[in-house]
Amino acid sequence: MIAIIDYGMGNAPSIANMIRKVGGHCIITPNPQDAMQAEILILPGVGAFDNAVRQLRDKGWLEVILNHVYQSRKLIGICLGMQLLFETSQEGVLPGLGLIKGKVQRFEFDQTKIATLKIPHMGWNTIDFTHRHYLSAGYSEQPRFYFVHSYHAVCDQGADIVAITNYGYPFPAVVEHKNVLGVQFHPEKSHVFGLQFFKNVLEQ
Amino acid sequence: MLRVRVIPTLLLRNSGLVKGSRFKNHRYVGDPVNAVKIFNDKLVDELVLLDIAATESGQEPNFKLLADIASQAFMPLGYGGGIRSVEQIERLFRLGIEKVVINTAAVEVPRLIADASSIAGSQSIVVSIDSKRDVVGGYHVYTRSGTRKMKLNPVDFARRMEDNGAGEILLTAIDREGTGKGFDLDLIYDVASAVSIPVIANGGAGSLEDFRSAVVVGASAVAAGDMFTFRGKHKAVLITYPPYGRLEELLNGVSK
């Protein structure tokens, strides 16, 4: 069973729709008790970093998430949910989950060279896998995904970067450390490419 | 590389899909759930649904219909029409809608944009500005599906909305809408140069070249209705959308 954390941040229904479409069984729950048996836990997120950390803490999710990871079960962070996996973010002052080494920082462009790039990075962009990975399976063309974000991850360990995307400069689009996976884009809004993503996750 | 978004806009009235010209003479063109399914299969970048009757009839968004649509939409989905409160916005997000599009209430409910963006984040809040040039050449903002003229010019209004927390501006030229005569490039240029948030050009697209022109003058994304729903001079209903590669070739590397 897959459990999607409903902590008032992010579009859990779209994620559930897509997982069901590829044949997965999932629940959306605001109650940490319901997620304790989940094989895969999904942490979505849209909004501000500190607010998300506070919501997770106040609603009793922090312990459940950490326990889930310590039991070697899979955790997937999506968008802000991915950023929460890191140690710190320039967007806030509260610490993140610290499950992946590194920080989150705002896009910053050299305006003399790149004058027209807007923040947030919003729209469809391609990803490039840094190495052979189960998530790269099944695509007949270069996969592209829908992104909406103003901040991006910076990994301390290059080995944690699974795929990169370019927006002004390359940044990590997919990160993974052991059983913790994060994606900066929205697979649930990336039609066939997102379906393949969830299929790959389920088949792994 | 990030590609300029190309967004079909679909108009709803009484649960049906309609199309008109210059905000008038709407006729029924089909079932919205079915249309969304087709657009989904065609891998559209994003989809915007606008209920043009909700505000005028004093109705709330049609949550039931939107739930059906959202469950079929595996792409970013925006909705506008009849939204007047943060509660309605939260309810729309819970259905799986990513972006809310606010037009009349952005003028009539002063705190709405600021409140909504502080809760949901700017990226989810699109302010829709309908505008028309008057006889002496000045632009005005219109609300209530283009029926009410405001003492506001679109440039000042767009700036104010950006300050209030809007994440995007959907900019529609009323007298181009449904005509296929091309976008109002002056309007796009004026507004896009005044704000730093993305401006989505809407109203008048008749060809792929029009998309390119809008991007050249500063649009971050382009929207169209007729181009994706009609074919031929008799306007037979046929849902189409250009393949990704074609749009990439057309729009990549274009900028002001």
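The values are calculated or read from the model by the stated rules, or taken from the named source; none is laboratory data. Every value quoted in this text rests on a predicted model; they were computed, and no experiment measured them. Ideal geometry is used to build each Cβ from the backbone, glycine not excepted, and the neighbour counts take in all protein chains shown.
With the structure loaded, tell me whether A:ASP50 is charged (D, E, K, R), within 14 Å of another protein chain (Cβ to nearest Cβ) and crowded, with 19+ Cβ neighbours inside 10 Å or whether it fails that test. Lay out the reasoning, then the answer.
On the way: charged (D, E, K, R): yes; within 14 Å of another protein chain (Cβ to nearest Cβ): yes; crowded, with 19+ Cβ neighbours inside 10 Å: no.
Spelling it out, it is not the case that A:ASP50 is charged (D, E, K, R), within 14 Å of another protein chain (Cβ to nearest Cβ) and crowded, with 19+ Cβ neighbours inside 10 Å.
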Quick one: in segment A:91-116, which of the residues that are crowded, with 16+ Cβ neighbours inside 10 Å and within 14 Å of another protein chain (Cβ to nearest Cβ) is farthest from A:GLY45 (Cα to Cα)? A:PHE107
Meets criteria (within 13 Å of chain B (Cβ to nearest Cβ) and either within 26 Å of A:SER72 (Cβ to Cβ) or in contact with a Phe, Trp or Tyr (Cβ under 8 Å, 6 or more places away or on another chain) (or both)) for A:HIS186: yes
Using the structure shown, decide if B:ILE69 is surrounded by fewer than 22 Cβ atoms within 10 Å (Cβ to Cβ), of a type in the set (Val, Ile, Thr) and within 28 Å of B:ARG3 (Cβ to Cβ). no
State which residue is farthest from the other protein chains (Cβ to nearest Cβ) when the search covers only segment A:159-183 and only residues that are more than 18 Å from A:LYS74 (Cβ to Cβ) and touching a His at 6+ places or on another chain (Cβ under 6 Å). A:PHE171
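Look at segment B:39-62 and say how many of its residues are more than 12 Å from every other protein chain (Cβ to nearest Cβ) and over 19 Å from the mean Cα position of the chain (by Cα). Lay out the reasoning, then the answer.
The first filter runs over segment B:39-62 and keeps only residues more than 12 Å from every other protein chain (Cβ to nearest Cβ), leaving B:48-62.
With over 19 Å from the mean Cα position of the chain (by Cα) added as a condition, the list becomes B:57-59.
Summing the residues that are more than 12 Å from every other protein chain (Cβ to nearest Cβ) and over 19 Å from the mean Cα position of the chain (by Cα) in segment B:39-62 gives 3.
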Tally time: how many residues in segment A:194-204 are facing another protein chain (nearest Cβ under 10 Å) and surrounded by fewer than 23 Cβ atoms within 10 Å (Cβ to Cβ)? 1
Checklist (1) modelled with pLDDT of 95 or more; (2) crowded, with 17+ Cβ neighbours inside 10 Å; (3) in a loop (DSSP other than H, G, I, E, B); (4) not acidic (Asp, Glu) applied to A:MET9, failing item: (1)
Every listed condition ((1) under 19 Å from B:VAL127 (Cα atoms); (2) in contact with a helix residue (DSSP H, G or I) (Cβ under 8 Å, 6 or more places away or on another chain); (3) within 14 Å of another protein chain (Cβ to nearest Cβ)) holds for B:VAL217 save (1)
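Counting only residues that are aliphatic (A, V, I, L, M), give me the helices (runs of 4 or more DSSP H) lying completely in segment B:190-256 with at least 2 of them. Can you show your working first?
Numbers: elements: B:208-216, B:226-229, B:244-251.
Those helices (runs of 4 or more DSSP H) span B:208-216, B:244-251.
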Only one residue in A:ILE42, A:ILE19, A:ILE2 is under 24 Å from A:HIS121 (Cβ atoms) and crowded, with 19+ Cβ neighbours inside 10 Å, so which one is that? A:ILE42
Counted residues in segment B:91-122 being at pLDDT 90 or above, within 11 Å of chain A (Cβ to nearest Cβ) and touching a Gly at 6+ places or on another chain (Cβ under 6 Å) come to 2
Report yes if A:PRO30 is free of Cβ contacts under 8 Å to residues at least 24 places away in the same chain, surrounded by fewer than 23 Cβ atoms within 10 Å (Cβ to Cβ) and more than 21 Å from A:GLN71 (Cβ to Cβ), otherwise no. no
Just to be sure, is A:GLY77 surrounded by 16 or more Cβ atoms within 10 Å (Cβ to Cβ) and either touching a residue at least 40 places away in the same chain (Cβ under 8 Å) or farther than 26 Å from B:SER196 by Cβ (or both)? yes
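Counting just the residues of segment A:90-143 that are closer than 16 Å to A:ALA173 by Cα and polar (S, T, N, Q), which one comes out farthest from the chain's Cα centre (by Cα)? Talk me through it step by step, then tell me what you get.
Our first condition is that a residue be closer than 16 Å to A:ALA173 by Cα; within segment A:90-143, this holds for A:100-107, A:120-136, A:142-143.
Of the ones still in play, those that are also polar (S, T, N, Q) are A:105, A:125-126, A:130, A:136, A:142.
Numbers: A:GLN105: 15, A:ASN125: 15, A:THR126: 16, A:THR130: 17, A:SER136: 16, A:GLN142: 20 Å.
Top of the filtered list is A:GLN142.
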Do the conditions hold for B:VAL136, that is, is it surrounded by fewer than 16 Cβ atoms within 10 Å (Cβ to Cβ) and closer than 17 Å to B:LEU187 by Cα? yes
From the list B:ARG91, B:ARG22, B:ARG13, B:ARG27, pick out the single residue that is in contact with a helix residue (DSSP H, G or I) (Cβ under 8 Å, 6 or more places away or on another chain) and not aromatic (Phe, Trp, Tyr). B:ARG91
